[in-house]
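What follows is a single structure, written as structure tokens, with notes after it.
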Amino acid sequence: MTTPPSFPMSVSLGEARTMLGELLPPRQTRMTPLLGAYGLTLASDLQATVNHPSATESALDGVACREADTLSVPVRLELIGESRAGATFAGVVGPGQAVRIYTGAPLPAGADAICPVEQLEDVPGGVRLRRPASVADVRREGDDFRTGETVLYAGQRLTPARVALAAALGHAEVPTLAPLRVAVLSTGDELIEPGRPLVAGQVYNSNAYGLVGLLREAGCEAIMLPPVSDDLAALEAAVASARADVLLTSGGVSMGKYDFMRDLLIEHGEVRFWKVRMRPGGPAMLGGWKGLPVFGLPGNPVSSLVVFQVIVRPALTGRPLTPVRLRAGSAFRGLADKTAFWRVTVRGGEAFAYAQQGSGVLRSLSDAPALVMIPEGGLAAVGDEVDVLLLE
Ligand code: AMP
Ligand code: MG
């Protein structure tokens with residue numbers, strides 16, 4: 001290039017995330033029935049419509065009684081009735097008395113403690129307690145959440161536990177962000193679809209299969225486009241055909257003569273940045289094509305998946321992966337001007353470098369699905385604490 005580029009070269013990871021996030025279209029909100037909400041993002045805070053527990057109740061099967069009656073054991077109590085879920089005991093538990101009770105059944109008036117069934121012995125007209133009854137086995141009304149309390153928050157991913165919580169709050173449907181539609185385009189003359197015969201020099205298209213899965217995990221609607229050869233016109237036609245909110249491409253953004261994705265965006269589209277200060281994954285490019293945001297991932301399989309995890313996924317979901325702090329079981333070299341990611345295995349709370357760190361070593365992310373992150377200019381000796389991104 002004779003004239004300096006009109007776009008930033010070598011942005012930081014954080015800048016790359018922010019710039020991609022800024023290109024994404026606004027998301028519509030829609031009400032989604034609980035069974036369709038798994039993996040989606042909550043569009044607004046959700047409040048409880050009820051108290052949970054809805055009444056003060058027993059956490060165990062056993063008897064309900066007065067704690068003060070049971071401080072010295074063994075003790076015999078008179079049985080005066082039963083409280084079970086849906087059929088509360090109507091009377092009052094007096095001194096020296098007990099009521100059989102089951103998990104989730106309302107605590108009868110007069111009682112304040114529970115003795116579990118394992119500590120009971122039946123005796124004529126009553127029960128003998130081997131241990132004192134405990135107030136800790138009483139669940140208080142509203143202990144978990146109270147009517148009107150905000151319990152789920154906008155931006156949270158609807159995991160199965162959160163969908164269950166939304167149900168417990170009393171909501172049959174929840175406000176969700178419409179998933180982003182993301183098209184995946186693999187580029188390269190050498191790519192062959194799995195299932196077809198391959199000759200030396202060719203490679204099965206694997207990136208697209210990883211990216212579609214990662215997009216689905218990120219709550220996106222993923223569209224796999226047919227792979228396209230290293231040809232400017234073919235690429236242009238493929239990019240123009242993408243009906244999506246965002247296009248993710250793989251391959252063709254490095255320094256090679258046949259890296260036409262780069263040429264297409266630089267010469268015919270627009271570029272927001274080219275190259276990120278990271279390894280693997282440095283050549284990533286962000287740009288646009290007639291209003292369609294295009295993120296160009298490097299073709300090397302490890303690079304494409306790592307760039308997705310640390311830039312694309314956080315930008316699409318608004319939630320970066322949170323690193324855990326672990327001890328370094330190996331020494332990790334850093335790079336003066338780049339964030340370095342090492343594939344590692346985690347054993348006994350320590351992170352060990354995977355033997356083969358080449359960005360074409362596909363099995364590394366299967367054998368070692370975690371990344372040690374060494375910041376620009378950093379370094380870690382054995383025994384140091386390091387940031388680790390757990391990818392599964
Ligand atoms: P590129 O970024 O196009 O120069 O590709 C870099 C390396 O990644 C080359 O060895 C390619 O064969 C390989 N590669 C590119 N795209 C894919 C893909 N979709 N699946 C597997 N390997 C790929
Ligand atoms: Mg290529």
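The values are calculated or read from the model by the stated rules, or taken from the named source; none is laboratory data. Note that the structure is predicted; figures quoted are calculated from it, not measured. As a convention, Cβ positions derive from the backbone with ideal geometry for all residues, glycine included, and neighbour counts pool all protein chains shown.
State which residue is modelled with the lowest pLDDT when the search covers only the stretch 32-73 and only residues that are among the hydrophobic types (A, V, I, L, M, F, W, C), under 19 Å from the mean Cα position of the chain (by Cα) and part of a loop (DSSP other than H, G, I, E, B). Reasoning before the result, please.
Pass one, the stretch 32-73, residues among the hydrophobic types (A, V, I, L, M, F, W, C): 34-35, 37, 40, 42-43, 46, 48, 50, 55, 59-60, 63-65, 68, 71, 73.
Okay, now just the ones that are also under 19 Å from the mean Cα position of the chain (by Cα), so 34-35, 37, 40, 42-43.
The next check asks that each one be part of a loop (DSSP other than H, G, I, E, B); those that pass are 37, 40, 43.
Values: Ala37: 96, Leu40: 93, Ala43: 97.
Across the stretch 32-73, the extreme among qualifying residues is Leu40.
Only one residue in Arg17, Arg27 is basic (Lys, Arg), buried (at least 17 other Cβ atoms within 10 Å of the Cβ) and touching a residue at least 12 places away in the same chain (Cβ under 8 Å). Which one?
On the way: Arg27 fails: buried (at least 17 other Cβ atoms within 10 Å of the Cβ).
Answer to the check: Arg17.
Out of Val63, Val99, Val92, I need the residue that is touching a residue at least 12 places away in the same chain (Cβ under 8 Å), surrounded by fewer than 16 Cβ atoms within 10 Å (Cβ to Cβ) and of a type in the set (Val, Ile, Thr). Which one?
Details: Val63 fails: surrounded by fewer than 16 Cβ atoms within 10 Å (Cβ to Cβ); Val99 fails: surrounded by fewer than 16 Cβ atoms within 10 Å (Cβ to Cβ).
None of the others qualify; the one that does is Val92.
Of the residues Val361, Val386, only one is modelled with pLDDT of 95 or more and not in a strand (DSSP E or B); which?
Values: Val386 fails: not in a strand (DSSP E or B).
It is Val361.
Per-residue answers, yes or no, for (1) crowded, with 17+ Cβ neighbours inside 10 Å; (2) within 31 Å of the chain's Cα centre (by Cα); (3) within 16 Å of Val228 (Cα to Cα):
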{"site": "Glu141", "(1), (2), (3)": "no, no, no"}
{"site": "Ala154", "(1), (2), (3)": "no, yes, no"}
{"site": "Glu173", "(1), (2), (3)": "no, yes, no"}
{"site": "Leu177", "(1), (2), (3)": "yes, yes, no"}
{"site": "Ile192", "(1), (2), (3)": "no, no, yes"}
{"site": "Gly201", "(1), (2), (3)": "no, no, no"}
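Kindly establish whether Pro4 is assigned to a loop (DSSP other than H, G, I, E, B) and more than 19 Å from Gly155 (Cβ to Cβ). Quick ask: steps written out before the conclusion?
Values: assigned to a loop (DSSP other than H, G, I, E, B): yes; more than 19 Å from Gly155 (Cβ to Cβ): yes.
It is true that Pro4 is assigned to a loop (DSSP other than H, G, I, E, B) and more than 19 Å from Gly155 (Cβ to Cβ).
Take the residues in the stretch 1-14 that are touching a residue at least 40 places away in the same chain (Cβ under 8 Å) and either within 20 Å of Val310 (Cα to Cα) or surrounded by 15 or more Cβ atoms within 10 Å (Cβ to Cβ) (or both), then tell me which one is nearest to the chain's Cα centre (by Cα).
Leu13
Looking at the structure I just gave you, is Ser83 touching a Phe, Trp or Tyr at 6+ places or on another chain (Cβ under 8 Å) and either surrounded by 22 or more Cβ atoms within 10 Å (Cβ to Cβ) or not in a strand (DSSP E or B) (or both)?
Working: touching a Phe, Trp or Tyr at 6+ places or on another chain (Cβ under 8 Å): yes; either surrounded by 22 or more Cβ atoms within 10 Å (Cβ to Cβ) or not in a strand (DSSP E or B) (or both): yes.
Answer is yes for this residue.
Go through the stretch 333-378 and report how many residues are of a type in the set (A, V, I, L, M, F, W, C), under 23 Å from Pro283 (Cα atoms) and more than 27 Å from the chain's Cα centre (by Cα).
Total satisfying the criteria: 2.
Please work out if Pro314 is away from ligand 2 (no atom under 16 Å from the Cβ), modelled with pLDDT under 95 and not in a strand (DSSP E or B). Before you say what the answer is, go through the steps one by one.
On the way: away from ligand 2 (no atom under 16 Å from the Cβ): yes; modelled with pLDDT under 95: no; not in a strand (DSSP E or B): yes.
In short, no.
For the stretch 126-141, how many residues meet the condition of being assigned to a loop (DSSP other than H, G, I, E, B) and among the acidic types (Asp, Glu)?
Initial filter on the stretch 126-141 (assigned to a loop (DSSP other than H, G, I, E, B)): 130-133, 140-141.
Narrowing further to those that are among the acidic types (Asp, Glu): 141.
Number satisfying all stated conditions: 1.
Can you tell me which residues in the stretch 238-289 are within 15 Å of ligand 2 (Cβ to nearest atom), over 30 Å from the mean Cα position of the chain (by Cα) and closer than 21 Å to Ala222 by Cα?
Scanning the stretch 238-289 gives Ala238, Met261.
Counting only residues that are under 30 Å from Gln47 (Cα atoms) and among the small types (Gly, Ala, Ser), how many does the stretch 110-165 have? Lay out the reasoning, then the answer.
Taking the stretch 110-165 as the starting set, the residues that turn out to be under 30 Å from Gln47 (Cα atoms) are 112, 135-165.
Add one more test, that the residue is among the small types (Gly, Ala, Ser), and what stays is 136, 142, 148, 154-155, 161, 164.
Qualifying residue count for the region: 7.
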